[in-house]
Amino acid sequence: MAKVEIEKIRNVALVGHGDAGKTALAEDLLFRAGALKRRGRVEEGNAAADFDDEEIKRGFSVSTALLAADYKGYRINLLDIPGSADFIYELIAGVRVADVAVVVVSAVAGVEVGTERAWREAEENRVARAVVVNKMDRERADFDGALRKLREAFGGVNFVVMSYPVGAEAAFKGYVDVTGGGAVLWEGGLAGESTDGEVPAELADTLDSLTKASVEAAAEQEDALMEKYFEAGELSADEIGRGLSRGIAAGKVVPVFCADAYDGVGGRAVLEAVLKYFPSPADVPARIGVEPGGTKELERPAAATAPMSGFVFKTVNDPFAGKLSYVRVYSGKLKADDQVLDVNAGTKFKVPSLVEINGKNQKAVTELAAGELGAFVKAEPLKTGDTVAAPGDPVQYPELVVPEPVMPYAISPRSKGDEDKLTSSLAKLTDEDPTFHVERNVETKEFVASGMGEQHLQVMFSKLESRFGVAVETKLPRVAYRETIRKGARAQGRYKKQTGGRGQFGDVWLELEPLEHGAGFEFVNKIYGGAIPSKFVPSVEKGVVEAMAGGVLAGYPVVDLRVTLRDGSFHTVDSSDMAFKIAGSLGFKKAFGDASPTVLEPIVEVTVRVPADYMGGVTGDLSGKRGRVMGMEPAGIFQEVKALVPQAEIFRFSSDLRSMTGGKGSFTVRFSHYEQAPPDVVKKVIEAAQKAKEGS
Ligand SMILES: Nc1nc2c(ncn2[C@@H]2O[C@H](COP(=O)(O)OP(=O)(O)O)[C@@H](O)[C@H]2O)c(=O)[nH]1
Ligand SMILES: [Mg+2]
């Protein structure tokens, strides 16, 4: 592919709810632009954007694909971004590096939760937006309805219809071209073959008013255009183009298209608009970053002459090609063999080699210039979200802000001996995906992998096996319960052993008192008059601390109490550190048993967002999970519920919420506090601990 100047680059992200038809639209656009010889199908596993093994296996997109087409002297880069909340980081990272986000909406479903998510992400990143209302051929397809919902949901912008459907559902025949004035009708078969035709008489009025709306939208973008429009009552095609381009680049005008991507209808209008109206990297505001490590703002214009800067938006540890770090170059030129600074890691490295990417294909290039997308090959320091810059004049772009993972699994390698391989492979996956976390829980001694949902984690575990050759066992994580007491108690701990020669002797009286939740542990020494020599007191405390760590009721750490060493006795020959440690431990366990011991469970704060219709179901489900609803408030077109729920009940909430709301809900979880568990839970926890003990 030949290099093109920056004005002829288009970086377009396809975003929106899962199943809206983004991958199908990408296929159609690539085919039309001549980048594909034939159209593939998502469901047949041969769509250009869904080439990943995980995608072919599952039949939908799970990672962002970068596709490229050279068309009429332009370079079009398409980022096909998965719609599911499971892969939200792909949206956050992908939108960041695009100049236009094309929000694909189903004409049947209208605005869905994934539409909202994509829209907000683009809006927050000040990325221009366009909309394709797809699936016009499906039953109950309703273009006007979808448009109305878009207008209701997203204010502050002017939705300008560029292509309006002729017919709908089985009778969907094509569209009228609002700025071009004609109709493009489809005559059956995959519509590379669509033909120009007459505007149906019944749509003449609609076309008139849509045309007027588009001209007005263009006029509003510039005073000179407005004046001319007032005086002459019309604008030339060039002037309309100029006005609309400006409005789109500024995010004020959102062009709307209709399509049936499956049959290849509507893509032509989108493709023409990409060239004619969508901004190039040079048309969007210069990127703003900060001085690395500082706060001083630095601007980087999209010019090849500016200092080099770029952003790593995706990482793939490819078993064959090695590590690929997808990058958008914002300014300057990134060249193979140059020294580059990984700003986040603070390390300089020599660029090993660079490639252009088109789906699964890569082509070596010697440089990537401002506005271009491509990838580093085998640049080990880089991870997703890093800024790269010229070492002599660096800038740092904002880091990706991604949500905390909400679904945990305890994992272990299926074959013993794979522990090290598992750890190193997991490290690679966490470098790729900032929403995939792995940690060793020191309390439960488990490896816990957390992600954004069941699908996300299944994809990760599957990658572990297919890419790194480590199969894992997965199960629900253990809950990090704790133990405590509810009233005071005293007990003696006496350890005496006589086995010929020197014996062992330690004797203490301990008093336990409950402290408030979160207070931790206090040890008080009240020995007076040498009942125990002071050198043995730390040993008593050590014995207590060890007993607390190991738990008494069910093996969970004991917290929130004061232990007072009241009294004791010793033996001049037989007493030792060891003997007093054991006495301390024995005394503690005895007193603990008399102090109304119980189990504390971790409580998390859950914030759920759902369309208002689902509120009843969600609050009911949370109550069923022993949750307490703390409040509800409207949040845009959604309702937000906050509840405190025992952690033990929430591990699979991600899946429950999906099936309850058809994917329309989302939630976050944050640790809140520990709380007394109800008697039946205490009983279960103790029984489970006993069983585990007997089993081991
Ligand atoms: N009838 C019809 N089916 C479509 C259309 N667009 C996509 N599909 C189908 O809908 C499903 C989801 O499409 P896909 O492109 O994978 O959606 P994505 O999740 O947004 O990428 C696939 O089975 C497509 O073949 C359309 O306009 N009409
Ligand atoms: Mg897809």
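Key figures for this structure:
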{"item": "Shape call, region 203-308: gyration tensor on alpha carbons, a/c limit 1.5", "result": "oblate"}
{"item": "Charge dipole (the chain, unit charges on Cβ, about Cα centre) - positive-most of 230, 26, 63", "result": "63"}
{"item": "Whole-Hz couplings from phi, Karplus 6.51/-1.76/1.60, listed for region 573-583; x for Gly and Pro", "result": "9, 7, 5, 8, 4, 4, 5, 6, 5, 5, 4"}
{"item": "Overall form of region 220-368 per C-alpha gyration tensor (a/c, 1.5; a/b vs b/c)", "result": "oblate"}
{"item": "Estimated translational D of the chain in µm²/s (Stokes, Kirkwood radius over Cα pairs; 37 °C; 0.692 mPa s)", "result": "113 µm²/s"}
{"item": "On Cα atoms only, tilt of 537-550 relative to the major axis of the chain in degrees", "result": "50 degrees"}
{"item": "Loop-located trypsin sites (Lys or Arg not before Pro) in region 279-321 whose Cβ has at most 15 other Cβ within 10 Å (DSSP)", "result": "296"}
{"item": "Using θ = phi - 60° and Karplus 6.51 cos²θ - 1.76 cosθ + 1.60, couplings along region 127-144 (whole Hz; Gly, Pro as x)", "result": "9, 4, 10, 9, 10, 10, 8, 9, 6, 5, 7, 6, 4, 6, 5, 8, 4, 4"}
{"item": "Two-site label geometry, residue 286 and residue 680: point separation in nm, points 7 Å out along Cα→Cβ", "result": "6.6 nm"}
{"item": "Region 458-539, accessible surface, carbon-and-sulfur percent (1.4 angstrom probe)", "result": "47 percent"}
{"item": "Neighbour cut-off at most 15 other Cβ (10 Å), DSSP loop, GluC sites (Glu not before Pro), region 374-432", "result": "399"}
{"item": "Set 590/693; 590/691; 37/383; 57/314; 487/589 screened for pairs whose C-alpha atoms are more than 24 Å apart", "result": "37/383"}
{"item": "5 angstrom amide H check on residue 330, placed H, neighbours 5+ away", "result": "309, 310, 311, 371"}
{"item": "FRET efficiency for residue 486 and residue 635, using Cβ-Cβ distance with R0 set to 35 Å, rounded to 0.05", "result": "0.30"}
{"item": "Backbone N within region 583-611 under 17 Å of label point (7 Å from residue 496 Cα along the Cβ vector)", "result": "583-584, 586-587"}
{"item": "Accessible-area composition of region 542-696, carbon plus sulfur, in percent [1.4 Å probe]", "result": "54 percent"}
{"item": "Where labels lie 7 Å past Cα in the beta-carbon direction, separation of residue 524 and residue 209 in nm", "result": "8.1 nm"}
{"item": "Accessible-area composition of region 267-416, carbon plus sulfur, in percent [1.4 Å probe]", "result": "51 percent"}
{"item": "Over region 610-696: Kirkwood hydrodynamic radius from C-alpha pairwise inverse distances, Å", "result": "14.7 Å"}
{"item": "Long-range amide H partners of residue 277 with built H, under 5 Å", "result": "none"}
{"item": "FRET efficiency for residue 153 and residue 549, using Cβ-Cβ distance with R0 set to 45 Å, rounded to 0.05", "result": "0.25"}
{"item": "Value of relative contact order over region 1-145, rounded to a whole percent, pairs C-alpha under 8 Å and six or more apart", "result": "28 percent"}
{"item": "Cα-based Rg and Dmax for region 115-235, where Dmax is the largest Cα-Cα distance (Å)", "result": "16.3, 46"}
{"item": "Simple spin-label estimate for residue 393 and residue 202 in nanometres, 7 Å along Cα-Cβ", "result": "6.2 nm"}
{"item": "FRET efficiency estimate (nearest 0.05) - Cβ-Cβ, residue 232 to residue 671, R0 56 angstrom", "result": "0.30"}
{"item": "Solvent-accessible area per residue, Å², over the chain with all protein chains present [probe radius 1.4 Å]", "result": "43 Å²"}
{"item": "From phi via Karplus (6.51, -1.76, 1.60), per-residue ³J(HN,Hα) for region 458-472 in Hz, x at Gly/Pro", "result": "4, 5, 4, 5, 5, 5, 4, 6, 6, 8, 10, x, 10, 8, 10"}
{"item": "Alpha-carbon Rg with Dmax, taken over region 401-450, Å", "result": "11.4, 37"}
{"item": "Region 305-387: chymotrypsin sites (Phe, Trp or Tyr not before Pro) falling in loop per DSSP and having at most 13 other Cβ within 10 Å", "result": "320"}
{"item": "Column: log10 I(q)/I(0), Debye, Cα scatterers of region 507-611, q = 0.24 Å⁻¹", "result": "-1.29"}
{"item": "Tilt relative to the chain, helix 223-232 - C-alpha long axis, 0 to 90 degrees, to 10", "result": "40 degrees"}
{"item": "Tilt relative to the chain, helix 237-249 - C-alpha long axis, 0 to 90 degrees, to 10", "result": "0 degrees"}
{"item": "nm² value of the averaged projected area, convex hull over the Cα atoms of region 370-515", "result": "18.7 nm²"}
{"item": "Distant-in-sequence amide H partners of residue 639 (H built 1.01 Å from N, under 5 Å)", "result": "610, 612"}
{"item": "Gap separating the Cα centres of region 428-488 and region 640-683, nearest whole Å", "result": "17 Å"}
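The values are calculated or read from the model by the stated rules, or taken from the named source; none is laboratory data. Just so it is clear, the structure is predicted and the values come from calculations on it, not from any experiment. So basically every Cβ, Gly included, is an ideal-geometry build from the backbone, and we count neighbours across all protein chains shown. Side chains included, ligands, DNA and RNA excluded: accessible areas come from the protein's heavy atoms. Shrake-Rupley method; radii C 1.70, N 1.55, O 1.52, S 1.80 Å.
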